[in-house]
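S.K.: Dropping a structure here in C-alpha coordinates format, bear with me for questions.
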Amino acid sequence: MLTLTGARAIVIDERTETSGDLQVVDGVVSEVPAPGAERLDVDGCVVTPGLVNAHHHLLQTAFRTLPGTRAVPMATWLPTMAAAYAQAGVDGELSSVAAAAGLAEALLCGVTTVADHHLTWPSDAERSLDIALGTVRAAELLGARLVFVRGSARDDPQVAATSAALLAESIEQSAMLQLAVGPAGVHSDGPETFRLLGEVAQRYGLRRRTQANEQVDVAIAQERYGRRPLDLLDDWGWLAPDVTLAHLCGVTDDEIARIAASGASATHAPGCDLPMGWGVAPVARLLDSGVRVGLGTSGGGSNDAGHLLADARLALQVAPLVGRPVSAREALALATSGSAAGLGRPELGHLRPGASADLCVWDVSGVADAGVADPVAGLLWASPGRRPRHVVVAGRVVVRDYVLQTADESAVVQDLRRRVGR
Ligand SMILES: [Zn+2]
(Lines give C-alpha, C1' and ligand atoms only; values in the text may rest on other atoms or scores of the structure.)
Protein backbone atom coordinates (compact mmCIF):
# COMPACT_ATOMS: atom_id res chain seq x y z
CA MET A 1 0.00 0.00 0.00
CA LEU A 2 1.36 3.33 -1.08
CA THR A 3 0.18 6.92 -1.11
CA LEU A 4 1.99 9.39 -3.33
CA THR A 5 1.44 12.90 -2.11
CA GLY A 6 1.89 16.35 -3.57
CA ALA A 7 2.64 15.60 -7.22
CA ARG A 8 2.91 18.66 -9.44
CA ALA A 9 1.43 16.65 -12.32
CA ILE A 10 0.21 13.09 -12.70
CA VAL A 11 -0.07 11.73 -16.23
CA ILE A 12 -3.01 9.34 -16.02
CA ASP A 13 -3.05 8.54 -19.74
CA GLU A 14 -2.76 10.30 -23.12
CA ARG A 15 -5.86 12.37 -22.47
CA THR A 16 -5.94 12.88 -18.73
CA GLU A 17 -3.61 14.66 -16.34
CA THR A 18 -4.15 15.61 -12.74
CA SER A 19 -2.05 16.62 -9.75
CA GLY A 20 -1.84 15.97 -6.01
CA ASP A 21 -2.18 12.44 -4.67
CA LEU A 22 -2.26 8.95 -6.11
CA GLN A 23 -3.27 5.84 -4.18
CA VAL A 24 -1.93 2.33 -4.66
CA VAL A 25 -3.64 -0.62 -3.02
CA ASP A 26 -2.61 -4.25 -3.55
CA GLY A 27 -0.42 -3.38 -6.51
CA VAL A 28 -3.06 -1.46 -8.43
CA VAL A 29 -4.07 2.18 -8.73
CA SER A 30 -6.99 2.87 -6.42
CA GLU A 31 -9.47 5.70 -6.01
CA VAL A 32 -9.51 5.34 -2.25
CA PRO A 33 -6.51 5.33 0.09
CA ALA A 34 -5.74 2.28 2.17
CA PRO A 35 -5.33 2.85 5.92
CA GLY A 36 -1.72 2.62 6.99
CA ALA A 37 -0.34 3.06 3.48
CA GLU A 38 3.32 4.06 3.15
CA ARG A 39 3.66 7.70 2.10
CA LEU A 40 5.98 8.40 -0.79
CA ASP A 41 6.77 12.09 -0.93
CA VAL A 42 6.58 13.25 -4.54
CA ASP A 43 6.28 16.93 -3.78
CA GLY A 44 6.78 18.99 -6.93
CA CYS A 45 7.47 15.91 -9.06
CA VAL A 46 5.79 14.62 -12.20
CA VAL A 47 4.32 11.12 -11.99
CA THR A 48 3.91 9.05 -15.15
CA PRO A 49 3.01 5.47 -15.89
CA GLY A 50 6.03 3.17 -15.87
CA LEU A 51 7.66 3.01 -19.29
CA VAL A 52 7.19 -0.14 -21.36
CA ASN A 53 10.12 -1.15 -23.56
CA ALA A 54 8.37 -3.13 -26.28
CA HIS A 55 11.52 -4.30 -28.01
CA HIS A 56 14.83 -5.15 -26.35
CA HIS A 57 17.45 -7.84 -26.83
CA LEU A 58 18.74 -8.11 -23.26
CA LEU A 59 21.57 -10.49 -24.14
CA GLN A 60 23.21 -7.69 -26.14
CA THR A 61 23.68 -5.75 -22.91
CA ALA A 62 26.88 -7.79 -22.57
CA PHE A 63 28.02 -6.77 -26.07
CA ARG A 64 27.85 -2.99 -26.20
CA THR A 65 30.11 -0.85 -28.40
CA LEU A 66 32.02 -3.88 -29.72
CA PRO A 67 34.65 -3.01 -32.33
CA GLY A 68 33.24 -3.47 -35.82
CA THR A 69 29.62 -2.97 -34.80
CA ARG A 70 29.22 0.80 -35.28
CA ALA A 71 28.28 2.49 -38.54
CA VAL A 72 28.26 -0.74 -40.51
CA PRO A 73 25.55 -2.20 -42.74
CA MET A 74 23.33 -4.73 -41.03
CA ALA A 75 24.77 -7.46 -43.26
CA THR A 76 28.15 -6.84 -41.56
CA TRP A 77 26.73 -6.22 -38.11
CA LEU A 78 24.85 -9.53 -37.87
CA PRO A 79 27.87 -11.86 -38.39
CA THR A 80 30.08 -9.64 -36.17
CA MET A 81 27.59 -9.98 -33.32
CA ALA A 82 27.16 -13.70 -34.01
CA ALA A 83 30.91 -14.21 -33.71
CA ALA A 84 30.95 -12.37 -30.38
CA TYR A 85 28.11 -14.53 -29.05
CA ALA A 86 29.91 -17.67 -30.17
CA GLN A 87 33.13 -16.55 -28.50
CA ALA A 88 31.36 -15.80 -25.21
CA GLY A 89 29.23 -18.95 -25.34
CA VAL A 90 25.57 -18.20 -24.76
CA ASP A 91 24.28 -20.19 -21.80
CA GLY A 92 21.98 -19.73 -18.82
CA GLU A 93 24.64 -17.90 -16.84
CA LEU A 94 25.36 -15.35 -19.58
CA SER A 95 21.66 -14.84 -20.20
CA SER A 96 21.19 -14.26 -16.47
CA VAL A 97 23.99 -11.74 -15.91
CA ALA A 98 23.25 -9.85 -19.14
CA ALA A 99 19.54 -9.70 -18.35
CA ALA A 100 20.25 -8.56 -14.79
CA ALA A 101 22.35 -5.66 -16.07
CA GLY A 102 19.82 -4.78 -18.76
CA LEU A 103 16.86 -4.97 -16.41
CA ALA A 104 18.59 -3.05 -13.61
CA GLU A 105 19.41 -0.34 -16.15
CA ALA A 106 15.78 -0.42 -17.31
CA LEU A 107 14.38 0.11 -13.82
CA LEU A 108 16.84 2.90 -13.07
CA CYS A 109 15.65 4.59 -16.28
CA GLY A 110 11.96 4.22 -15.42
CA VAL A 111 11.26 1.19 -17.61
CA THR A 112 9.01 -1.12 -15.60
CA THR A 113 8.25 -3.68 -18.33
CA VAL A 114 10.75 -5.06 -20.83
CA ALA A 115 9.94 -7.27 -23.82
CA ASP A 116 13.10 -9.28 -24.40
CA HIS A 117 13.25 -10.71 -27.91
CA HIS A 118 15.84 -13.43 -27.39
CA LEU A 119 17.37 -14.60 -30.67
CA THR A 120 20.44 -16.64 -29.78
CA TRP A 121 19.62 -20.26 -28.98
CA PRO A 122 21.42 -23.59 -28.69
CA SER A 123 20.62 -26.33 -31.17
CA ASP A 124 18.69 -28.42 -28.66
CA ALA A 125 15.44 -27.48 -26.96
CA GLU A 126 16.49 -28.72 -23.48
CA ARG A 127 19.33 -26.23 -23.08
CA SER A 128 17.08 -23.42 -24.30
CA LEU A 129 15.15 -23.67 -21.05
CA ASP A 130 18.30 -22.73 -19.09
CA ILE A 131 18.65 -19.58 -21.17
CA ALA A 132 15.03 -18.58 -20.70
CA LEU A 133 15.18 -19.28 -16.97
CA GLY A 134 18.35 -17.20 -16.62
CA THR A 135 16.45 -14.17 -17.88
CA VAL A 136 13.24 -15.00 -16.01
CA ARG A 137 15.07 -15.33 -12.67
CA ALA A 138 16.91 -12.05 -13.20
CA ALA A 139 13.57 -10.31 -13.73
CA GLU A 140 12.11 -11.94 -10.60
CA LEU A 141 15.10 -10.93 -8.52
CA LEU A 142 15.01 -7.32 -9.70
CA GLY A 143 11.25 -6.92 -9.60
CA ALA A 144 10.91 -5.96 -13.28
CA ARG A 145 7.98 -7.00 -15.40
CA LEU A 146 9.20 -9.21 -18.25
CA VAL A 147 7.81 -10.35 -21.57
CA PHE A 148 10.13 -13.09 -22.71
CA VAL A 149 10.00 -13.71 -26.44
CA ARG A 150 11.24 -17.06 -27.73
CA GLY A 151 12.72 -15.75 -30.94
CA SER A 152 14.51 -17.50 -33.75
CA ALA A 153 17.30 -16.48 -36.08
CA ARG A 154 18.01 -19.24 -38.57
CA ASP A 155 17.10 -21.88 -35.96
CA ASP A 156 15.91 -25.26 -37.15
CA PRO A 157 12.15 -24.63 -37.40
CA GLN A 158 11.18 -27.78 -35.51
CA VAL A 159 13.72 -27.16 -32.73
CA ALA A 160 12.47 -23.58 -32.35
CA ALA A 161 8.88 -24.78 -32.05
CA THR A 162 9.76 -27.61 -29.63
CA SER A 163 11.72 -25.17 -27.50
CA ALA A 164 8.91 -22.58 -27.52
CA ALA A 165 6.44 -25.27 -26.43
CA LEU A 166 8.84 -26.45 -23.71
CA LEU A 167 9.11 -22.91 -22.37
CA ALA A 168 5.32 -22.51 -22.40
CA GLU A 169 4.94 -25.82 -20.52
CA SER A 170 7.73 -25.16 -18.01
CA ILE A 171 7.45 -21.46 -17.16
CA GLU A 172 4.43 -20.29 -15.26
CA GLN A 173 3.06 -17.07 -16.71
CA SER A 174 1.78 -14.34 -14.45
CA ALA A 175 1.17 -10.60 -14.46
CA MET A 176 4.93 -10.22 -13.93
CA LEU A 177 5.97 -12.70 -16.63
CA GLN A 178 4.50 -13.15 -20.08
CA LEU A 179 5.78 -15.39 -22.86
CA ALA A 180 5.62 -14.71 -26.59
CA VAL A 181 7.16 -16.09 -29.77
CA GLY A 182 8.79 -14.44 -32.73
CA PRO A 183 11.19 -15.15 -35.58
CA ALA A 184 13.72 -12.36 -36.09
CA GLY A 185 12.23 -11.63 -39.49
CA VAL A 186 11.84 -12.87 -43.05
CA HIS A 187 15.55 -12.17 -43.55
CA SER A 188 16.49 -14.89 -41.07
CA ASP A 189 13.66 -17.41 -40.99
CA GLY A 190 11.46 -19.04 -43.61
CA PRO A 191 7.74 -19.79 -43.78
CA GLU A 192 8.15 -23.06 -41.85
CA THR A 193 9.46 -21.27 -38.74
CA PHE A 194 6.71 -18.64 -38.91
CA ARG A 195 4.09 -21.38 -39.29
CA LEU A 196 5.38 -23.60 -36.49
CA LEU A 197 5.94 -20.77 -34.00
CA GLY A 198 2.49 -19.46 -34.95
CA GLU A 199 1.02 -22.86 -34.05
CA VAL A 200 2.76 -22.80 -30.66
CA ALA A 201 1.40 -19.30 -30.07
CA GLN A 202 -2.09 -20.45 -30.86
CA ARG A 203 -1.83 -23.57 -28.70
CA TYR A 204 -0.63 -21.66 -25.63
CA GLY A 205 -2.35 -18.33 -26.22
CA LEU A 206 0.90 -16.41 -26.73
CA ARG A 207 1.33 -13.20 -28.67
CA ARG A 208 3.50 -13.10 -31.77
CA ARG A 209 6.27 -10.58 -32.47
CA THR A 210 8.72 -10.14 -35.29
CA GLN A 211 10.88 -7.47 -36.92
CA ALA A 212 10.27 -6.05 -40.37
CA ASN A 213 11.69 -3.60 -42.87
CA GLU A 214 15.14 -2.83 -41.57
CA GLN A 215 17.71 -2.42 -44.33
CA VAL A 216 18.77 -6.07 -44.50
CA ASP A 217 15.22 -7.37 -44.17
CA VAL A 218 14.05 -5.50 -47.27
CA ALA A 219 17.16 -6.46 -49.25
CA ILE A 220 16.97 -10.16 -48.43
CA ALA A 221 13.20 -10.36 -49.03
CA GLN A 222 13.83 -8.92 -52.49
CA GLU A 223 16.80 -11.13 -53.24
CA ARG A 224 15.37 -14.39 -51.91
CA TYR A 225 11.69 -14.03 -52.73
CA GLY A 226 11.38 -11.00 -55.04
CA ARG A 227 8.92 -9.53 -52.52
CA ARG A 228 8.63 -6.92 -49.77
CA PRO A 229 8.82 -8.22 -46.16
CA LEU A 230 5.21 -7.29 -45.39
CA ASP A 231 3.96 -9.18 -48.47
CA LEU A 232 5.65 -12.28 -47.12
CA LEU A 233 4.38 -11.78 -43.58
CA ASP A 234 0.86 -11.35 -44.96
CA ASP A 235 1.15 -14.57 -46.98
CA TRP A 236 2.52 -16.40 -43.97
CA GLY A 237 -0.35 -15.34 -41.70
CA TRP A 238 1.69 -12.84 -39.71
CA LEU A 239 -0.30 -9.67 -40.36
CA ALA A 240 -2.88 -10.11 -37.63
CA PRO A 241 -4.12 -8.43 -34.43
CA ASP A 242 -1.93 -10.61 -32.17
CA VAL A 243 1.25 -9.66 -34.05
CA THR A 244 3.60 -6.75 -33.28
CA LEU A 245 6.10 -5.66 -35.91
CA ALA A 246 9.25 -3.98 -34.67
CA HIS A 247 11.19 -1.38 -36.69
CA LEU A 248 8.99 -0.86 -39.82
CA CYS A 249 11.54 1.43 -41.43
CA GLY A 250 10.55 3.04 -44.72
CA VAL A 251 7.10 1.47 -44.99
CA THR A 252 4.99 2.83 -47.86
CA ASP A 253 1.54 4.37 -47.45
CA ASP A 254 0.03 1.26 -48.98
CA GLU A 255 1.88 -0.95 -46.48
CA ILE A 256 0.78 1.28 -43.60
CA ALA A 257 -2.83 0.89 -44.73
CA ARG A 258 -2.42 -2.88 -44.82
CA ILE A 259 -0.92 -2.98 -41.33
CA ALA A 260 -3.77 -0.82 -40.04
CA ALA A 261 -6.42 -2.99 -41.70
CA SER A 262 -4.84 -6.15 -40.28
CA GLY A 263 -4.95 -4.92 -36.67
CA ALA A 264 -1.24 -5.66 -36.21
CA SER A 265 0.66 -3.24 -33.98
CA ALA A 266 4.08 -1.67 -34.39
CA THR A 267 7.17 -0.93 -32.33
CA HIS A 268 9.26 2.08 -33.26
CA ALA A 269 12.97 1.70 -32.41
CA PRO A 270 14.67 4.93 -33.50
CA GLY A 271 17.52 4.64 -30.98
CA CYS A 272 18.78 1.63 -32.90
CA ASP A 273 17.76 2.34 -36.49
CA LEU A 274 18.84 5.98 -36.78
CA PRO A 275 22.43 5.84 -35.53
CA MET A 276 23.03 2.58 -37.38
CA GLY A 277 21.55 4.00 -40.59
CA TRP A 278 19.07 1.14 -40.96
CA GLY A 279 16.10 3.39 -41.72
CA VAL A 280 13.37 5.14 -39.78
CA ALA A 281 9.72 4.33 -39.21
CA PRO A 282 7.23 7.03 -40.28
CA VAL A 283 5.76 7.15 -36.80
CA ALA A 284 3.12 9.87 -37.27
CA ARG A 285 1.82 8.29 -40.46
CA LEU A 286 1.46 4.98 -38.66
CA LEU A 287 -0.38 6.66 -35.78
CA ASP A 288 -2.62 8.69 -38.10
CA SER A 289 -3.68 5.59 -39.97
CA GLY A 290 -4.80 3.98 -36.71
CA VAL A 291 -1.87 1.61 -36.05
CA ARG A 292 -1.05 1.19 -32.35
CA VAL A 293 2.61 2.13 -32.07
CA GLY A 294 4.87 1.32 -29.13
CA LEU A 295 8.48 2.16 -28.50
CA GLY A 296 11.50 -0.08 -28.04
CA THR A 297 15.20 0.48 -27.59
CA SER A 298 16.25 -2.69 -29.37
CA GLY A 299 19.43 -4.24 -27.98
CA GLY A 300 22.80 -3.13 -26.72
CA GLY A 301 24.49 -4.23 -29.93
CA SER A 302 22.92 -1.39 -31.89
CA ASN A 303 21.60 0.97 -29.20
CA ASP A 304 23.95 0.94 -26.29
CA ALA A 305 21.43 2.33 -23.85
CA GLY A 306 18.20 0.83 -22.58
CA HIS A 307 17.00 4.35 -21.77
CA LEU A 308 13.52 4.41 -23.29
CA LEU A 309 12.75 8.03 -22.37
CA ALA A 310 15.83 9.11 -24.33
CA ASP A 311 14.46 7.22 -27.32
CA ALA A 312 11.03 8.81 -26.87
CA ARG A 313 12.89 12.13 -27.12
CA LEU A 314 14.64 10.92 -30.25
CA ALA A 315 11.29 9.81 -31.71
CA LEU A 316 10.05 13.33 -31.08
CA GLN A 317 13.07 14.85 -32.77
CA VAL A 318 13.04 12.70 -35.90
CA ALA A 319 9.26 12.52 -36.51
CA PRO A 320 9.07 15.71 -38.62
CA LEU A 321 11.52 14.25 -41.14
CA VAL A 322 9.22 11.32 -41.91
CA GLY A 323 5.77 12.91 -41.74
CA ARG A 324 4.48 15.41 -39.23
CA PRO A 325 5.93 16.37 -35.85
CA VAL A 326 4.55 14.46 -32.88
CA SER A 327 3.88 16.04 -29.50
CA ALA A 328 5.74 15.18 -26.31
CA ARG A 329 2.55 13.55 -25.02
CA GLU A 330 2.27 11.43 -28.17
CA ALA A 331 5.90 10.35 -27.75
CA LEU A 332 5.30 9.52 -24.09
CA ALA A 333 2.22 7.51 -25.12
CA LEU A 334 4.38 5.47 -27.51
CA ALA A 335 6.58 4.50 -24.56
CA THR A 336 3.64 3.66 -22.28
CA SER A 337 0.17 2.75 -23.57
CA GLY A 338 1.34 2.17 -27.16
CA SER A 339 3.88 -0.42 -26.09
CA ALA A 340 1.39 -2.01 -23.66
CA ALA A 341 -1.21 -2.35 -26.43
CA GLY A 342 1.25 -4.28 -28.58
CA LEU A 343 1.88 -6.66 -25.69
CA GLY A 344 -1.86 -7.18 -25.22
CA ARG A 345 -1.65 -5.66 -21.73
CA PRO A 346 -4.47 -3.15 -21.20
CA GLU A 347 -3.65 -2.88 -17.47
CA LEU A 348 -0.20 -1.39 -18.21
CA GLY A 349 0.90 1.97 -19.58
CA HIS A 350 -1.66 4.21 -17.81
CA LEU A 351 -2.69 5.11 -14.24
CA ARG A 352 -6.47 4.92 -14.35
CA PRO A 353 -8.11 3.21 -11.35
CA GLY A 354 -7.50 -0.52 -11.61
CA ALA A 355 -4.27 -0.13 -13.60
CA SER A 356 -1.20 -2.02 -12.44
CA ALA A 357 0.69 0.36 -10.17
CA ASP A 358 3.79 0.67 -12.36
CA LEU A 359 4.91 4.28 -12.22
CA CYS A 360 7.79 6.71 -12.29
CA VAL A 361 8.33 9.81 -10.20
CA TRP A 362 10.38 12.44 -12.02
CA ASP A 363 11.94 15.27 -10.04
CA VAL A 364 11.62 18.40 -12.15
CA SER A 365 13.00 20.86 -9.61
CA GLY A 366 16.58 21.04 -10.87
CA VAL A 367 18.27 23.54 -13.18
CA ALA A 368 17.64 21.37 -16.25
CA ASP A 369 13.92 22.01 -15.77
CA ALA A 370 14.17 25.63 -14.66
CA GLY A 371 12.04 27.86 -16.87
CA VAL A 372 10.03 24.92 -18.23
CA ALA A 373 6.41 26.02 -18.72
CA ASP A 374 4.95 22.55 -19.25
CA PRO A 375 6.55 19.98 -16.94
CA VAL A 376 5.08 17.00 -18.78
CA ALA A 377 6.40 18.16 -22.16
CA GLY A 378 9.62 19.06 -20.35
CA LEU A 379 10.14 15.41 -19.40
CA LEU A 380 11.05 14.81 -23.03
CA TRP A 381 12.22 18.17 -24.33
CA ALA A 382 14.41 19.15 -21.38
CA SER A 383 17.17 17.23 -19.62
CA PRO A 384 18.17 14.46 -22.04
CA GLY A 385 19.09 11.30 -20.19
CA ARG A 386 17.02 12.13 -17.13
CA ARG A 387 16.35 9.35 -14.67
CA PRO A 388 13.38 8.99 -12.34
CA ARG A 389 13.75 9.62 -8.62
CA HIS A 390 11.46 6.74 -7.68
CA VAL A 391 10.16 3.77 -9.66
CA VAL A 392 7.31 1.52 -8.58
CA VAL A 393 6.40 -1.85 -10.12
CA ALA A 394 3.16 -3.54 -9.06
CA GLY A 395 3.04 -1.27 -6.02
CA ARG A 396 6.58 -2.10 -4.91
CA VAL A 397 9.21 0.64 -4.75
CA VAL A 398 12.10 -0.79 -6.80
CA VAL A 399 14.04 2.47 -7.19
CA ARG A 400 14.06 4.98 -4.34
CA ASP A 401 15.92 8.29 -4.55
CA TYR A 402 17.73 7.06 -7.69
CA VAL A 403 18.98 3.88 -5.97
CA LEU A 404 17.99 0.37 -7.03
CA GLN A 405 16.30 -1.31 -4.06
CA THR A 406 16.13 -4.91 -5.27
CA ALA A 407 19.81 -5.59 -5.96
CA ASP A 408 23.22 -4.08 -5.39
CA GLU A 409 23.93 -2.25 -8.65
CA SER A 410 27.69 -2.76 -8.42
CA ALA A 411 27.25 -6.50 -7.84
CA VAL A 412 25.18 -6.69 -11.03
CA VAL A 413 28.03 -4.97 -12.89
CA GLN A 414 30.65 -7.26 -11.33
CA ASP A 415 28.71 -10.42 -12.24
CA LEU A 416 28.61 -9.38 -15.90
CA ARG A 417 32.27 -8.35 -15.87
CA ARG A 418 33.32 -11.70 -14.42
CA ARG A 419 31.44 -13.54 -17.13
CA VAL A 420 32.46 -11.56 -20.24
CA GLY A 421 35.60 -9.75 -19.12
CA ARG A 422 34.27 -6.23 -19.63
ZN1 LIG B 1 15.53 -5.44 -32.84
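The values are calculated or read from the model by the stated rules, or taken from the named source; none is laboratory data. Predicted model only: the values in this text are computed from it and were never measured. FYI the Cβ positions are ideal-geometry reconstructions off the backbone, even for glycines, and counts take in every protein chain you see.
S.K.: Among Asp408, Asp369, which is out of contact with any Cys (no Cβ under 8 Å at 6 or more places or on another chain), within 26 Å of Val29 (Cβ to Cβ) and free of Cβ contacts under 8 Å to residues at least 40 places away in the same chain?
M.R.: Every option except Asp369 fails the conditions.
S.K.: When you check Gly134 against the structure, is it within 20 Å of the chain's Cα centre (by Cα), at positive phi and modelled with pLDDT of 95 or more, yes or no?
M.R.: Spelling it out, it is not the case that Gly134 is within 20 Å of the chain's Cα centre (by Cα), at positive phi and modelled with pLDDT of 95 or more.
S.K.: A further question on this structure: Select from the stretch 122-139 the residues that are touching a residue at least 40 places away in the same chain (Cβ under 8 Å) and touching a Gly at 6+ places or on another chain (Cβ under 8 Å) and list them in ascending order.
M.R.: Ile131, Leu133, Gly134, listed by residue number.
S.K.: In addition: Name the pairs whose Cβ atoms lie under 8 Å apart, with the first residue in the stretch 258-271 and within 27 Å of Leu314 (Cβ to Cβ), the second among the hydroxyl-bearing types (Ser, Thr, Tyr) and part of a helix (DSSP H, G or I), and 6 or more positions between them or separate chains?
M.R.: Note: pairs meeting the criteria are Thr267/Ser339.
S.K.: Restricting attention to the stretch 269-287, does a residue exist that is modelled with pLDDT of 95 or more, closer than 25 Å to Thr193 by Cα and within 16 Å of the ligand (Cβ to nearest atom)?
M.R.: yes
S.K.: Moving to a separate point now. List, please: which pairs have Cβ atoms under 8 Å, are six or more places apart or on different chains, and start with a residue in the stretch 42-61 that is within 16 Å of the ligand (Cβ to nearest atom) and end with one that is of a type in the set (Phe, Trp, Tyr)?
M.R.: Listed by first residue and then by second, the contacts come to Leu59/Tyr85.
S.K.: Of Ala100, Ala83, Ala37, which residue is more than 23 Å from Gly294 (Cβ to Cβ), buried (at least 24 other Cβ atoms within 10 Å of the Cβ) and not aromatic (Phe, Trp, Tyr)?
M.R.: Ala100
S.K.: Given the conditions (1) at negative phi; (2) out of contact with any helix residue (DSSP H, G or I) (no Cβ under 6 Å at 6 or more places or on another chain), which single one is not true for Ala394?
M.R.: If we test Ala394 against (1) at negative phi; (2) out of contact with any helix residue (DSSP H, G or I) (no Cβ under 6 Å at 6 or more places or on another chain), just (1) comes out false.
S.K.: Ok, one more. Check every one of the strands (runs of 3 or more DSSP E) wholly within the stretch 1-80 and list those with 2 or more residues that are over 18 Å from Arg389 (Cα atoms).
M.R.: Output list reads 17-25, 28-30, 51-56.
S.K.: Evaluate the following for Gly338: is it in a loop (DSSP other than H, G, I, E, B) and modelled with pLDDT of 95 or more? Steps first, please.
M.R.: Details: in a loop (DSSP other than H, G, I, E, B): no; modelled with pLDDT of 95 or more: yes.
Judged against the criteria, Gly338 is not a match.
S.K.: Looking for something within 13 Å of the ligand (Cβ to nearest atom) and either in a loop (DSSP other than H, G, I, E, B) or of a type outside the set (Asp, Glu) (or both) - is there at least one such residue anywhere in the stretch 309-323?
M.R.: Applying the first criterion (within 13 Å of the ligand (Cβ to nearest atom)) to the stretch 309-323 yields 311.
From what is left, the residues that are either in a loop (DSSP other than H, G, I, E, B) or of a type outside the set (Asp, Glu) (or both) are none.
Scanning the stretch 309-323, I find no residue that is within 13 Å of the ligand (Cβ to nearest atom) and either in a loop (DSSP other than H, G, I, E, B) or of a type outside the set (Asp, Glu) (or both), so the answer is no.
S.K.: OK, next. Does Ser174 satisfy the criteria of being over 23 Å from Val90 (Cα atoms) and within 20 Å of the chain's Cα centre (by Cα)? Let's see the steps before the verdict.
M.R.: Values: over 23 Å from Val90 (Cα atoms): yes; within 20 Å of the chain's Cα centre (by Cα): yes.
Against the criterion (over 23 Å from Val90 (Cα atoms) and within 20 Å of the chain's Cα centre (by Cα)), Ser174 qualifies.
S.K.: In addition: I want to confirm something. Restricting to the stretch 380-395 and keeping residues that are touching a Leu at 6+ places or on another chain (Cβ under 7 Å) and not β-branched (Val, Ile, Thr), which single residue is surrounded by the fewest Cβ atoms within 10 Å (Cβ to Cβ)?
M.R.: By that ranking, first place goes to Arg387.
S.K.: Answer yes or no as to whether Arg64 is within 30 Å of Asp217 (Cα to Cα) and within 15 Å of the ligand (Cβ to nearest atom).
M.R.: Values: within 30 Å of Asp217 (Cα to Cα): yes; within 15 Å of the ligand (Cβ to nearest atom): yes.
Yes; evaluated as a whole, the condition is true for this residue.
S.K.: Quick one: Pro241 ticks every box in (1) of a type outside the set (Gly, Ala, Ser); (2) under 21 Å from Gly338 (Cβ atoms); (3) within 16 Å of the ligand (Cβ to nearest atom); (4) touching a Gly at 6+ places or on another chain (Cβ under 7 Å) except a single one, so which number is it?
M.R.: Here Pro241 meets the rest and fails (3).
S.K.: Name, by its number, the condition in (1) modelled with pLDDT of 95 or more; (2) more than 30 Å from Ala355 (Cα to Cα) that does not hold for Leu108.
M.R.: (2)
S.K.: Taking Glu214 as meeting all but one of (1) within 13 Å of the ligand (Cβ to nearest atom); (2) closer than 22 Å to Leu343 by Cβ; (3) touching a Leu at 6+ places or on another chain (Cβ under 8 Å), write down the number of the exception.
M.R.: Failed condition: (3).
S.K.: State yes or no: is Gln202 in a helix (DSSP H, G or I), out of contact with any Cys (no Cβ under 7 Å at 6 or more places or on another chain), at pLDDT 95 or above and assigned by TED's automatic domain parsing to the domain that holds Ala98?
M.R.: Judged against the criteria, Gln202 is a match.
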